[in-house]
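One structure is given here, and the rest of the page talks about it.
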Amino acid sequence: MHHIRLDSDTDFDGWRKAARGLVLADVVPADVTWTVAGDEPELFDGPGLAPGAGAFAEAQASFTDSASTQSASTQSTFSHSPSSQPASLSDDTPSPSPTQTFNVPARFVELAKTAILHRDPQRFAYLYQLLWRLRTNPELMQVATDPDVARLQAMAKAIRRDEHKMHAFVRFREIGREPKSRYVAWFEPEHHIVELAAPFFARRFADMEWSILTPDICAHWDGHAVAFTPGVAKSMAPSDDRLEETWRTYYASIFNPARLKTKAMQAEMPKKYWRNLPEAALIKPLIEEAERKTSAMVAAEATAPKKPQRQEQPMTKTTKHGAETLAHLREEAKDCRACDLWKPATQTVFGEGPQHATVMLVGEQPGDKEDLAGKPFVGPAGQMLDRALAEAGIDRAKTYVTNAVKHFKFVPRGKIRLHQKPNTPEIKACRQWYERELATIKPQLVVAMGATAAQSVLGKITPINKNRGHLLNQADGTQVLVTVHPSYLLRLPDEDAKALEYKRFVDDLKIVAAHLNKAHAA
């Protein structure tokens, strides 16, 4: 029997070093016991194996990334590798004995690093048992119903859930007064997740010094780095502070009885966490009050139902626009207040192009670059459009380019303005400008790029993929081609998918080019 004693409950490196030596020494899982320093030792330790994680250093083998090699003088590590390239168990140090290797999937490495944080005392043995089986069955990690895989997956899920609970239910209490105040919280995790969860609090509360006390280990943030100390008793944690009454008042004010689902709330926030929450004393009376109000509403006389609302009708032209000049329209649009999008935007971004262009390109709305420049399609999406037009054989200078919505809709995130999709009322409010541009230019063909553009041009919500690739005839004689917006191509993360969708976009524009050539020949 081989007895392995690890340095701590979360000693992944120690387990890794011991496990790699055990596997290469052909030690079956049944012949290994695992303990943590401080636990009672076994009566008989394994022959030839010193306590601790370094017991198998003489095995001269290591888990390494299969895509890299290490020098003989460098200590090897159990590291992640890409999903398509498994980590490798190899002998990196010269030895008279033959080199031994075997592969394990990177998914096992990730699973082991998480599952080892579980409080189950048998977790080290479970991991070694699965590692032992992977040596002869490397595809085992793909069998979700395998008992060993399923058990460790369930343990990893419990770790992630416990980490989420710590993020949600830690409540800091102020110790001292500014500028020398410090914030201290008490939490009792189910598993060994304090070191895993601490970086979240360092990011979330980076501007204050804090400590999170637990029975296992304590985390401390000084504004620069997280430090860990041994666990303490709950009596070391503060019980109240000057802001608690303010917090309770706020919690009571946001408590919404109409959305109360007691069972769901207790499933998300079990009662064991209540004793550490300042608002815990309010939960029971608030629930009881909500139930009382609900009963009163049920007992009250029923009110007459509201009449059903009519279904929204497609957008239609409401005004017949006479001949106008683009210069006049552009000047008038500068003062457009038809919806609230003008308020945060820099300026109206009107269309550009020849007065009597054969083709009219309609995008969705201006972006950040267009809002600042006051011109359509001058940012990254515009560059993508220019490239695709050139490949399709279309001169952009001979087309009229505009947007369905003339103001930039965004939400600020620091110095960045993130694009937001216009809603139907905003599209309707801006459609007058599209109608007047259309009446002034009288193009033969309109290209609607994106869902917002298609909704504005066709007057109703129109699926892109079902309608692209062919011309749609309109009652006024205009033909419409529906395709994607160039910004859609920029958002695709996969390079192969991006290349395929870009080709489809160019193919759509080639339909426009063929129409132009036909019109020119006529």
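Coordinate-derived values only; no laboratory data. These numbers come from a predicted model, not from an experiment. Cβ sites come from the backbone with ideal geometry, for glycine too, and all protein chains shown count toward neighbours.
This ranking places Glu437, Glu331 by how few other beta-carbon atoms lie within 10 Å of each, fewest first, which gives Glu331, Glu437. Here's how it looks for Trp186: its modeled amide H is under 5 Å from those of Arg171, Leu213, which are all 5 or more places away or on a different chain.
With neighbour counts taken as other beta-carbon atoms within 10 Å, the residues Arg5, Arg135 rank, fewest first, as Arg135, Arg5. Here the 3J(HN,Hα) profile of the stretch 185-200, calculated from phi with Karplus coefficients 6.51, -1.76 and 1.60 at θ = phi - 60°, is 10, 10, 8, 10, x, 6, 10, 8, 10, 4, 5, 5, 8, 4, x, 4 Hz, Gly and Pro shown as x. Seen through its C-alpha gyration tensor, with square-root eigenvalues sorted a ≥ b ≥ c, the stretch 170-236 comes out oblate because a/c lies at 1.5 or above while a/b is not bigger than b/c.
A cut-off of 5 Å between modelled amide H atoms, ignoring neighbours fewer than 5 places along the same chain, links Thr33 with His2, His3, Ile4.
Could you give the alpha-carbon Rg of the stretch 101-234 over 2.2 N^0.38 Å, rounded to two decimals? Intermediate values should be presented prior to the final figure.
On the way: Rg = 18.3 Å, N = 134, 2.2 N^0.38 = 14.1 Å.
Expressed relative to 2.2 N^0.38 Å, the Cα Rg reads 1.30.
Using a Förster distance of 51 Å, how high is the FRET efficiency between Lys421 and Thr294, based on the Cβ-Cβ distance and rounded to 0.05?
0.85
If R₀ is 30 angstrom, what is the calculated FRET efficiency for the pair Ser235 and Ile287, using the beta carbon separation as r and rounding to 0.05? If you can, show how the numbers build up before the last one.
On the way: r = 30 Å, r/R0 = 1.00.
FRET efficiency, Ser235 to Ile287: 0.50.
Placing unit charges on each Cβ (+1 for Lys and Arg, -1 for Asp and Glu) gives the stretch 326-521 a dipole about its Cα centre, and among Leu509, Leu341, Leu389 the Cα reaching farthest toward its positive end belongs to Leu341. Among Ile212, Ile283, Ile4, Ile416, sorting on how many other beta-carbon atoms sit within 10 Å of each Cβ, with the fewest leading, yields Ile416, Ile283, Ile212, Ile4.
Modelled spin-label separation between Arg204 and His356, with each label point placed 7 Å from Cα along the Cα-to-Cβ direction: 6.6 nm.
Net charge of the neighbourhood of Trp132, taken over other residues with C-beta under 12 Å away and scored Lys/Arg +1, Asp/Glu -1, is 0. Computed on the Cα atoms alone, the convex hull of the stretch 357-488 gives a volume of 110 cubic angstrom per residue.
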